[in-house]
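Notes follow once the structure below has been shown.
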Amino acid sequence: MDLRGLLYPQSVALIGASPKKGKLGNLLFKNMSSFPGRFYPVNPNHEEIEGIKCYPNVSSLPEVPDMAVVIIPADPALKVIEECGRVGIKNVVVITAGFKESGPEGAERERKLVEIAKRYGMNVLGPNCFGLISTEAGLNATFAPKTALPGNIAFLSQSGAFCTSVLDWAWEEKLGFSHFVSLGNKAVLNEVHFLLPFAEDPDTRVIVAYLEGIADGPEFIRIARQVVKTTPIVVLKAGRTEAGARAVSSHTGTLAGSDAAYEAAFRKCGVIRARNVEELFDYAYALAKQPVPRGKRVGVMTNAGGAGVMASDAVEEYGLELARFSEGTTRKLREFLPPAANIYNPVDVLGDAHLDRYEKALNLVIGDPNVDMVVSLSAPAPLIPFRDLSRAVAEAKGRVGKPLTVSFMAGDLGEEAEETLREAGIPSYFDPARAVRALSVLYRYSGIKGKEWTEPRDIEADRDAVRRVLEGALSRGRHQLGVEAMGVLSAYGIRVARGVLVRSPDEARAVAPSVGEKLVLKVVSPELVHKTDVGGVVLGVSPDEAPAAVEEMLARISYRFPGARIEGVLIQEQLPPGQELIVGSVRDPQFGPLVMVGFGGIFVEVIKDVVFDVAPLSPEEAREMLEGMRGYALLRGARGRPPVDIDAVAEVLERISHLAHDFPQIVEMDVNPLIAYPDGAVAVDLRITLSREAK
């Protein structure tokens, strides 16, 4: 999609320009009239506004502008937007509200707007948006009282109110933007459409977004993976996904909650997630201004012991490590620092240090080959004015080119010191932990930038067999399947415990000896989802005991649940003990099927050591999911336990992900437990929920 006319216009029209103070049409006029390109106000009631010629409609404009901004009421706005399409305007910003956000009538208007955009091949931003700013084009097409400062952060927001707050705050912080875009209702253009154009902009170094939802999850993942190779993406995701509001019956659905899909999707495509506004812009500033480090080794410089301790704690907390200085560095530090000073990391030059002592130590630390990045700390000290210290820090960073952040723990550094740090692109914070956190995001991005994304491979499977099982269930009005559908797993190459469905003691007598020496009985009923909770599972049954046990189970369940439809009892081999895991899937409205793995059995929702990813998975992604479990060491054989077959478990995950992806009628699925052994993994129980819309 070509957005050049939207992001770098040379001519713009304002439809709804007004001379009346206080009206949005006037605020936009004042902002847009400073545009250095060709500007055309449009209003049939005025021949000119503040000395600028005004046109009655877009058809009367002397040229077809690159972009039109619409700020008139919703109903006439549709007619004007269609007129824009007829004359050939390809980019329209609809600031006007009154569309889907306002109810059924507005939703119908928005549907018509989308139809118009499709008919004429128009890029439409909004409606119900704040507008956009392109500092590169010199255009402020918003009603904000201040435009954005020039910079190298491209900003997207789904909230117009958040835009105004960010602009106001950014002026105070002297934070600049290359582009500043309000998405509004995202009727046509959404966040995905802007990612590649921003990444291709030589003046943009980082993309930052505030999102309440993502319009096209799979496409977002695909495009973001391309973009993060050159341009980091930081997202503050607010709000709750629809997945959290629907009723769920599986463990996977329960554990997915409302946010697991976004967490998994961002991890899958290398998007850095911010938890709050402070993190969003701390990360943005660091990524926009600092180089990418070679590794995660941090050198800590301080003249205050407490600050050094806080920074050291934060280094570990944020997944970095304290650097071990080379022998040459420690020897040189020892030569000139007082005996009470600490020459090891963190380096403490003491509170009585003059600037030359601090500066000499800092240059040694930042120049050490074992140091990848540095945090420079200082408490207020009359012997080292912050003005002078800021210059020394900026010069040290400039000489070596390694990432560097500062925490000068004072309420007021002074304008000269702050300006020196800003010009050098050095993030400055009161809290030492924030300074370390800013370094941590640089290290995280270095891993994202260097990551080789792997694609899912083709999986051999009997898809026709699965289709017959699912279509047969739906034709009978069945939306819940249990262990009777274990053949679905077998069709995808997943090893399952031997088992036979019986409906009477006589059938049990005939088949039990062929199943195994020790058996498990499981009631099969679409109404009884959690079999263990209702006494529908019996362990340790011998083949001789099976007929009586089946008869007793059928009678007991029928008595306790007289309305339940009982389809029989599964006689299954009882497997030896192993590591019980749960593998499952749940369908998310934005991203499609999510795959989950965790420690299984009856405690899955208590322990909640689970990891999600978006299907389908590559073999490498399946293995990374296992490595992401907190208890991964147990799988590898901790504390004398035998290790499980990691490759076999990863392959089950991979195959489950393809099963969920291939059959969209599966909305939830649990394999619980999947028993992992040193030589393989076996599925023991299954629950599948089918969509009620599926036929």
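The values are calculated or read from the model by the stated rules, or taken from the named source; none is laboratory data. No experiment lies behind these values; they were computed from the predicted model shown. In this analysis, Cβ positions are derived from the backbone assuming ideal geometry, glycine residues included, and neighbour counts consider all displayed protein chains.
Screening A107 with (1) touching a residue at least 24 places away in the same chain (Cβ under 8 Å); (2) in a helix (DSSP H, G or I) gives one miss only, at (1). Considering only residues that are of a type outside the set (A, V, I, L, M, F, W, C), over 27 Å from the mean Cα position of the chain (by Cα) and part of a loop (DSSP other than H, G, I, E, B), look in the range 126-152 and name the one that is surrounded by the fewest Cβ atoms within 10 Å (Cβ to Cβ). Per the stated criteria, the residue is P145. Report whether or not P616 is touching a His at 6+ places or on another chain (Cβ under 6 Å), assigned to a loop (DSSP other than H, G, I, E, B) and in contact (Cβ under 8 Å) with a residue 24 or more places away in the chain. Considered against the rule, which asks whether it is touching a His at 6+ places or on another chain (Cβ under 6 Å), assigned to a loop (DSSP other than H, G, I, E, B) and in contact (Cβ under 8 Å) with a residue 24 or more places away in the chain, P616 comes out as yes.
None of P73, P19, P62, P41 is under 21 Å from K146 (Cα atoms), in the same structural domain as A154 (by TED's automatic domain parsing) and surrounded by fewer than 22 Cβ atoms within 10 Å (Cβ to Cβ) except P19.
Just one of the listed residues (V181, V206) is closer than 30 Å to G103 by Cα and either among the small types (G, A, S) or modelled with pLDDT of 95 or more (or both), and it is V181. When the range 680-695 is filtered for residues that are within 11 Å of R495 (Cβ to Cβ) and part of a loop (DSSP other than H, G, I, E, B), only V684 remains.
The selection criterion, being modelled with pLDDT of 95 or more and either of a type in the set (F, W, Y) or in contact with a Phe, Trp or Tyr (Cβ under 7 Å, 6 or more places away or on another chain) (or both), holds for E110. Checking each residue in the range 190-235 for being among the acidic types (D, E) and in a loop (DSSP other than H, G, I, E, B) picks out D201, D203, E212, D216. Residues that are assigned to a loop (DSSP other than H, G, I, E, B) and under 22 Å from P673 (Cα atoms) were ranked within the range 534-565; the one that is modelled with the highest pLDDT is S542.
Out of curiosity, is D356 assigned by TED's automatic domain parsing to the domain that holds K402, over 41 Å from the mean Cα position of the chain (by Cα) and of a type outside the set (S, T, N, Q)? The answer is yes for D356.
Among helices (runs of 4 or more DSSP H) entirely within the range 462-527, having at least 1 residues that are more than 22 Å from R655 (Cβ to Cβ) and over 34 Å from the mean Cα position of the chain (by Cα) singles out 463-475, 505-515. Is there any pair linking a residue in the range 415-426 that is assigned to a helix (DSSP H, G or I) to one that is among the polar types (S, T, N, Q), with Cβ under 6 Å and at least six apart or on different chains, and which? Taking only residues 6 or more apart or on different chains, the pairs are A417/S390; T420/S390; L421/S390; L421/S428. Checked against the criterion of being assigned to a helix (DSSP H, G or I) and either within 21 Å of the chain's Cα centre (by Cα) or among the acidic types (D, E) (or both), the range 598-613 has at least one qualifying residue. Output the residue which, of all residues in the range 153-178 that are at pLDDT 95 or above and in contact with an Asp or Glu (Cβ under 9 Å, 6 or more places away or on another chain), is surrounded by the fewest Cβ atoms within 10 Å (Cβ to Cβ). Filtering the range 153-178 for residues that are at pLDDT 95 or above and in contact with an Asp or Glu (Cβ under 9 Å, 6 or more places away or on another chain), the one surrounded by the fewest Cβ atoms within 10 Å (Cβ to Cβ) comes out as L156. Figure legend. Inter-residue proximity from the range 110-139: first residues outside the structural domain of E83 (by TED's automatic domain parsing), second residues crowded, with 21+ Cβ neighbours inside 10 Å and not in a helix (DSSP H, G or I), beta-carbon distance below 7 Å, spacing 6+ or different chains. No pairs are indicated. Tallying residues that are assigned to a loop (DSSP other than H, G, I, E, B) and under 16 Å from N91 (Cα atoms) within the range 38-72 yields 6.
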